[in-house]
Amino acid sequence: MHVFEALHDTGGVLRYRQSPAVPSAPKRIVDSEVENLRRLGVEVECNVIIAGRDAHRSRSLWSTSTAVFRGQRRRACRCS
């Protein structure tokens, strides 16, 4: 399994807090969970966006993979 992360480090919303209502997890916990995934054989590549600017990689990924899950970035909510 291969994971592509758009940001410079793994963890998504667990590492990068999106709003004061959703606190980020402690760095050591996120690092530990990512390391557990790597031990299971998951390969992680950071700074990769699958879509838009990287259309060639996106087409290649879809044509060579058995399954693809594309998680969406959570957008900041401006609720009043």
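What the table shows:
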quantity	calculated
Selected residue (only one of ALA21, ALA76, ALA25 is at pLDDT below 70 and either over 13 Å from the mean Cα position of the chain (by Cα) or surrounded by 14 or more Cβ atoms within 10 Å (Cβ to Cβ) (or both))	ALA76
Tabulated pairs, segment 28-42, first farther than 14 Å from TYR16 by Cα, second in a helix (DSSP H, G or I) and among the hydrophobic types (A, V, I, L, M, F, W, C), C-beta under 9 angstrom, 6+ apart or interchain	GLU33/LEU14; VAL42/VAL34
Filter result for VAL44 (at pLDDT 80 or above and either in a helix (DSSP H, G or I) or surrounded by 10 or more Cβ atoms within 10 Å (Cβ to Cβ) (or both))	yes
Residue ID - nearest to THR64 (Cα to Cα), chosen from residues in segment 1-18 that are free of Cβ contacts under 8 Å to residues at least 24 places away in the same chain and either under 12 Å from the mean Cα position of the chain (by Cα) or surrounded by 15 or more Cβ atoms within 10 Å (Cβ to Cβ) (or both)	GLY11
Restricting segment 1-18 to residues that are outside any loop (DSSP other than H, G, I, E, B) and on the phi < 0 side of the Ramachandran plot, the residue that is modelled with the lowest pLDDT	VAL13
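The values are calculated or read from the model by the stated rules, or taken from the named source; none is laboratory data. Source: prediction; values computed, not measured. Cβ atoms come from the backbone with ideal geometry, glycine included; neighbour counts cover every protein chain shown.
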